[in-house]
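Since the structure comes first, as structure tokens, the remarks are kept for the end.
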Amino acid sequence: MIQPHGGKLIERVLTGAKKDKALGKAKRLPRLKLDPESVSDVENMATGVYSPLEGFLGEKDFRNVLNQMRLADDLPWTVPIVLDVDKAAADGFKPGGEVLLVSEEDRPVAILNLEEKYTYDKAEFAQKVFGTTDRAHPGVAKVMGMKDVLLAGKIDLIELAPTPFDRWKLSPRETRVLFKEKGWKTVVAFQTRNTPHIGHEYVQKTALTFTDGIFVNPVIGKKKKGDFKDEVILASYEELIRNYYLKERAVMAILQMEMRYAGPREAIHHAILRKNFGCTHIIIGRDHAGVGTYYHPYAAQEIFDEFPDLGIVPLFFRAFSFCKKCNSVVNEKTCPHPSSEHIQFSGTKIRDLLVQGIIPPAELIRPEVAKIIMQFKEPFNE
Amino acid sequence: MRVLPPGGGDSKNSENERIKEKTMDKEFTTVSIPTSLHKKIEEAIQGTEIGSVSAYVVKVVRESLSKEQEAKEVFSKEEEEKVKERLKALGYID
């Protein structure tokens, strides 16, 4: 099975006596409240999704990630995982000490073993990670709104937060056992933040032709206005897989994480995380992890040239459409017919039809999937 | 890493690389390779997007090192059995 990124699958989840001890001392520790996105980051570090990270980045690693898209030891890493606090709060935390990280509901999440505190330039962070400082970009808006000091150090998770989607939540350790149990030597990951249409199914099944299994891995968490709600995505994929995929060839589990919309950098980030889940390949399509028109449509494919040591193999797909003449999904390499014969897989078009209560044409979306989506009164994030 | 043939290498490319190093927030060290190999690499990268012999060597070495990692299981037999129970309960396996 493919090695975890960095060679070791991180596990920093406290259990038994160690957990009891942590809860015991938690009452005496200075505390810091985390937003749900940072809680997800902590859980992902603790369960190995973010291997080799064991905690929030220190300054040396942070600067290397910004400038080189690698950790200080040269391992590929493209999206900074950091914890920001205001200066007043930072003054209350001492390097060498421990901080209790709690959720917005005051639930103990983890112990942060604080190693350092440092300041950073937000505009530089935004420019280097997102390629822009335009505050209309959701990732830039978040970074520019971050607090001024970053805390770094290893974390020890006290407890995973329960979610409505726990039935679909598997750790990298669990997916690796699952893939082994299914006898899959090669596994292709499909990253998504949308309900499936026929084009997605075409891409997945094409990739599945060359691998033993497919791991459909929707990102669950904070997304932008107009994106489908998490429960809608999961219900629609469950219906698609049940009706149109072989059980022995397809599985779905969620990745609980905030979308950064960092385009090329995030494509590499996504590839690393799926490598940690045990995937040997990952599908990278047009404008992967992009938003608006900030990134060239295929920049998220070209960036893989800079990482010959990534370990997981990208499978690149061009833009596709449905050709009425070919009577199938096609792309620019497989279809000789003019665009007048093509129906585009427009998310906006599909969405508009669904909102009006109209089942879109079967060339665009499976009717079973459409019906599932239409069962939700408000399927989109407001 | 800067790659030089014995004797220092092409002065223009070396100067460009030194300027690039100074402007980048990164540590470099120097490695020597035979002149003949340096020349061979220079010829091979002409017309490609690889900008220098150093860049070529860095790329190849990173690729080679990543392949040398030995594959081994990340879970024990005991962990595996425990996980299988959860997977069965969730319906992932029979």
Cα-based shape type of region A:166-374, given that a ≥ b ≥ c are square roots of the gyration tensor eigenvalues and the cut on a/c is 1.5: rounded
For each pair in A:Lys142/A:Lys225; A:Lys27/A:Lys87; A:Lys182/A:Lys275; A:Lys225/A:Lys377; A:Lys169/A:Lys275, compute the distance between the two Cα atoms and list the pairs where it is over 21 Å. A:Lys27/A:Lys87
Which far-off residues, 5 or more places away or on another chain, put their amide H under 5 Å from the one on A:Ala110, with H placed in the peptide plane? A:Leu101, A:Ile158
Residue farthest toward the positive end of the dipole of region A:16-157, with Cβ of Lys/Arg at +1 and Asp/Glu at -1: which of A:Ala126, A:Pro108, A:Pro76? A:Pro108
How high is the FRET efficiency between A:Gln375 and A:Ala161 when r is their beta carbon distance and R₀ equals 30 Å, given to the nearest 0.05? 0.65
Name the shape class, rounded, prolate or oblate, that the alpha-carbon gyration tensor gives for chain A, where a ≥ b ≥ c are the square roots of its eigenvalues, rounded holds for a/c under 1.5, and otherwise prolate holds if a/b is larger than b/c and oblate otherwise. prolate
The protein assembly as shown: calculated mean residue ellipticity at 222 nm from DSSP helix runs of at least 4, using -39500 (n - 2.57): -11000 deg cm²/dmol
Going by Cβ distance under 4.7 Å, what cysteines of the protein assembly as shown have no possible disulfide partner? A:Cys279, A:Cys335
Within region A:299-378, list the trypsin sites (Lys or Arg not before Pro) lying in a DSSP loop whose Cβ has at most 15 other Cβ atoms in a 10 Å radius. A:Arg318, A:Lys324, A:Lys325, A:Lys333, A:Lys377
Using the number of other C-beta atoms within 10 angstrom as an exposure proxy, rank A:Arg249, A:Arg12 with the fewest first. A:Arg249, A:Arg12
Inter-label distance for A:Lys25 and A:Glu37, nm, one decimal - labels placed 7 Å from Cα along Cα-to-Cβ: 3.1
Taking the Cα atoms of region A:141-201, what is the range of coordinates along each of the three principal axes, in descending order and whole Å? 47, 33, 26
Report, for the protein assembly as shown, the % of DSSP beta bridges that are antiparallel, rounded to 5. 55
For region B:56-66, Karplus-derived ³J(HN,Hα) couplings (6.51, -1.76, 1.60; θ = phi - 60°; whole Hz; x for glycine and proline) come out as 5, 5, 4, 4, 5, 5, 4, 5, 5, 5, 5
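Computed from the coordinates by the stated procedures, all read-outs in this text should not be read as laboratory data. Predicted model only: the values in this text are computed from it and were never measured. Here Cβ is always computed from backbone atoms with ideal geometry, including for glycine, and neighbour counts include all displayed protein chains.
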